[in-house]
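**Student:** The structure is given below, and queries will be raised subsequently.
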Amino acid sequence: MISPYGAFISYQVNVDAQGNNIVGDAANEPSIAVDPTDGNKMTIGWRQFNSVQSDFRQGGWGFTTDAGVTWTFPGILENNVFRSDPVLDSDETGNFSYLSLRETFFDDIWRSINGGSSWTRLSFGDVSGGDKQWFTIDRTNGTGHGFQYQLWSTSGNNWGGRQFSRSTDDGATWMSPIFLPNSPVWGTLDVDSNGNLFIGGAANFSSPFWCLRSSNAQNPAVTPTFDQVTQVNLGGDLVFGDTINPGGLAGQVFLAVDRSGGPTNNNVYMVASVQPTGFNTGTDVMFVRSTDGGVTFSAPHRINDDPINHNKWHWFGTLAVAPNGRIDSVWLDSRNAANNTDSQLFYSFSTDGGVTWAPNVAVSAAFTPFEGWPVQNKIGDYITIVSDNTGGDVAYPATYNFNPTRGEHEQDVYFVRVSPSGGPTPTPTATATATATPTATATATTTPSTTPTATPRPTPTPRSQPTPRPRPTPGPRP
């Protein structure tokens, strides 16, 4: 499936050897990693269900060498091994890492040194992990260079509530897990240019939100401590098991740090799709910024710019920061749907550290999130984006392919390139260059359809080298 929408084109990732859709499977919860030395090389991992009639999922992955126009799906990490919650990242030289949760609620790290075409397992044994684990790699030049940091939930946890660990050898071995202040869950991590580690997440599986800092996690001689703990207001709560995604989250917390070296260097950003305080339906993509190293945060800013309507869902919100400091955010959005659930991928960006955001742009056709469920009644729990100086590479699930045998659409994983220009982007350069604030280009007028028309593949442009509301605690969901 190749799905054009205005100036944007989404390419299916989980395809067979001939590049065709695999009928009867399901793929969701994608995580993308991009080689920072060669943007043509990317890999995406996802939860692969070989049959929608089964809840058994494995660690699927695909890779591309032509900037996402064609994808190869070689298979899974391990045959007949239950795996979930894939999270991928890249180091500064283009080596990819794949963090994968096993059915036991322990996880392991895999590495690829050939652009994602093959993987080698690095960690062995039950040494780290828990439900909804996430990790990051320190790409700075300090003492923590190459360290990996990982956190996970307090639910589906084999460590008595301990939920953080560190690896100083690229993920092969991990220190004994430790507790985190206020037990934030469903969050992510990042490292600033000074090697300080930041963690963002939600307490109580909903709110309040917290930003934690460790300034000594980069010191291999000590057990990390968290010397700064800041409560953050995102204007609402995370939601689990709500209308738009009955078996999963409407989104989790994403934290990213600016390492541009410019005027916004070391700004800390957090974004989440939250249900606004005082309401019981709908979500908005809310953003906050810290300009003082996480000591204080701004008031929450609503990125989705449609008129407020609490029947609408702006879900799976995520963000990434480009090397030149631009912030990109994407999410799924039901604003144009009469049924309030059919969704499109939307995009916005900021070039002034999140003070202002460009007008929202739809970058995909509409699809129903309620078909192709593989026993679990959800389409995953998150989407991901990686940004460079001219745009962002996005992995997201959608249901464009129709399966006539089942009489419904299938869940598949797609790649799309987004950018402020709204079309093909210039070749990224190694040196960040400051630019004037661009204006989002409106997409061409189109009529979205649930089954987009296939189009010839174009030749890719190479890219260079407040008080929480009571909610039941969700059970483990690998």
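No lab work stands behind these numbers, since they all come straight from the coordinates. Computed from a predicted model, the values in this text were never measured in an experiment. Cβ atoms come from the backbone with ideal geometry, glycine included; neighbour counts cover every protein chain shown.
**Student:** Run through all the Cα pairs of segment 284-335 and give the fraction in each 10 Å bin from 0, expressed as whole percent.
**Tutor:** 22, 46, 26, 6
**Student:** Now for a separate question. Would you please give the FRET efficiency between Thr243 and Asn182, computed as 1/(1 + (r/R0)^6) with r the Cβ-Cβ distance and R0 = 22 Å, to the nearest 0.05?
**Tutor:** Details: r = 29 Å, r/R0 = 1.31.
For R0 = 22 Å, the calculated efficiency reads 0.15.
**Student:** OK, next. What is the extension gain from Asp169 to Asp227, computed as 0.36 nm multiplied by their sequence separation minus the C-alpha to C-alpha distance, in nm to one decimal? The partial results should precede the final answer.
**Tutor:** On the way: separation 58, 0.36 × 58 = 20.88 nm, distance 2.41 nm.
Here the segment from Asp169 to Asp227 would lengthen by 18.5 nm.
**Student:** So between Asp305 and Glu92, what do we pick up on full extension, going 0.36 nm a residue minus the alpha carbon distance? Numbers along the way, then the final one.
**Tutor:** Details: separation 213, 0.36 × 213 = 76.68 nm, distance 3.46 nm.
Using 0.36 nm per residue and subtracting the Cα-Cα distance, I get 73.2 nm.
**Student:** Averaging the inverse of every distinct alpha carbon separation and then flipping it gives the Kirkwood radius. What is it for segment 1-49, in angstrom units?
**Tutor:** Numbers: mean 1/r = 0.0797 Å⁻¹.
Averaging 1/r across every pair of different Cα atoms and inverting gives 12.6 Å.
**Student:** Counting pairs of Cα atoms in segment 5-96, how many percent are more than 16 Å apart?
**Tutor:** Values: 2360 of 4186 pairs.
That tail contains 56 percent of the Cα-Cα pairs.
**Student:** Considering just Cα atoms, how many Å³ per residue does the convex hull of segment 32-183 enclose?
**Tutor:** Numbers: hull volume 17.9 nm³, N = 152.
Convex hull volume per residue, Cα atoms: 117 Å³.
**Student:** At what distance in nm do the modelled label points of Phe279 and Phe56 sit from each other, each positioned 7 Å from its Cα along Cα→Cβ?
**Tutor:** In this crude spin-label approximation the distance works out to 4.3 nm.
**Student:** Lysines near Lys312 by alpha-carbon distance under 20 Å, same-chain residues fewer than 8 away left out - which ones?
**Tutor:** Those lysines meeting the cut-off are Lys378.
**Student:** Using modelled amide H (1.01 Å from N, peptide plane; none on Pro or chain starts), what sits under 5 Å from the amide H of Val127, excluding residues fewer than 5 places away?
**Tutor:** Close amide H contacts, sequence-distant or interchain: Asp107.
**Student:** When the Karplus curve 6.51 cos²θ - 1.76 cosθ + 1.60 is applied with θ = phi - 60°, which whole-Hz ³J(HN,Hα) does each residue of segment 324-331 get, with x for Gly and Pro?
**Tutor:** Residue by residue, segment 324-331 yields 8, x, 5, 9, 10, 9, 10, 6 Hz.
**Student:** Could you give me the percent of Cα pairs per 10 Å distance bin for segment 150-294, shortest bin first, beginning at zero and ending with the bin that holds the maximum distance?
**Tutor:** Values per bin, smallest distances first: 12, 39, 33, 14, 2.
**Student:** I've got another one for you. Give me a comma-separated list of calculated 3J(HN,Hα) values for segment 102-114, in order, Karplus coefficients 6.51, -1.76, 1.60 applied at θ = phi - 60°, integers in Hz, x for any Gly or Pro.
**Tutor:** Once θ is set to phi - 60°, the couplings for segment 102-114 become 8, 4, 7, 6, 9, 9, 8, 10, 10, 10, 10, 10, 10 Hz.
**Student:** Residues with amide H under 5 Å of Asn14's amide H, sequence separation 5 or more or different chain, H placed in the peptide plane at 1.01 Å from N; which?
**Tutor:** Under 5 Å from the amide H of Asn14 lie the amide H atoms of Val413, each far enough along the sequence or on another chain.
**Student:** For segment 356-409, what does the convex hull of the Cα positions come to per residue, in cubic angstrom? Before the final figure, lay out each step's value.
**Tutor:** Numbers: hull volume 6.5 nm³, N = 54.
Spread over its residues, the Cα hull of segment 356-409 gives 121 Å³ apiece.
**Student:** Here's a follow-up. Could you work out how far the C-alpha centroid of segment 53-107 sits from that of segment 129-177, in angstrom?
**Tutor:** Using only Cα atoms to place each centre, the spacing works out to 18 Å.
**Student:** Something else about it: For segment 163-174, in order, what is each residue's ³J(HN,Hα) by Karplus, 6.51 cos²θ - 1.76 cosθ + 1.60 with θ = phi - 60°, in whole Hz (x at glycine and Pro)?
**Tutor:** Rounded to whole hertz, the list is 9, 9, 8, 9, 10, 9, 10, 6, x, 6, 10, 9.
**Student:** So between Asn377 and Ala338, what do we pick up on full extension, going 0.36 nm a residue minus the alpha carbon distance? Intermediate values should be presented prior to the final figure.
**Tutor:** Details: separation 39, 0.36 × 39 = 14.04 nm, distance 2.17 nm.
Contour length minus Cα-Cα distance gives 11.9 nm.
**Student:** Same structure, new question: Evaluate 2.2 N^0.38 Å with N set to the residue count of the chain, then give the Cα radius of gyration divided by it.
**Tutor:** Numbers: Rg = 20.2 Å, N = 478, 2.2 N^0.38 = 22.9 Å.
Against the compact-globule rule of thumb, the ratio is 0.88.
**Student:** Mind checking which aspartates and glutamates have their Cα closer than 14 Å to the Cα of Lys132? Skip sequence neighbours fewer than 8 apart in that chain.
**Tutor:** Glu29, Asp85, Glu103, Asp107, Asp108, Asp381
**Student:** Output the Kirkwood hydrodynamic radius of segment 226-372, Cα pairs only, in Å rounded to one decimal.
**Tutor:** Numbers: mean 1/r = 0.0640 Å⁻¹.
Computed over Cα pairs of segment 226-372, the Kirkwood hydrodynamic radius comes out at 15.6 Å.
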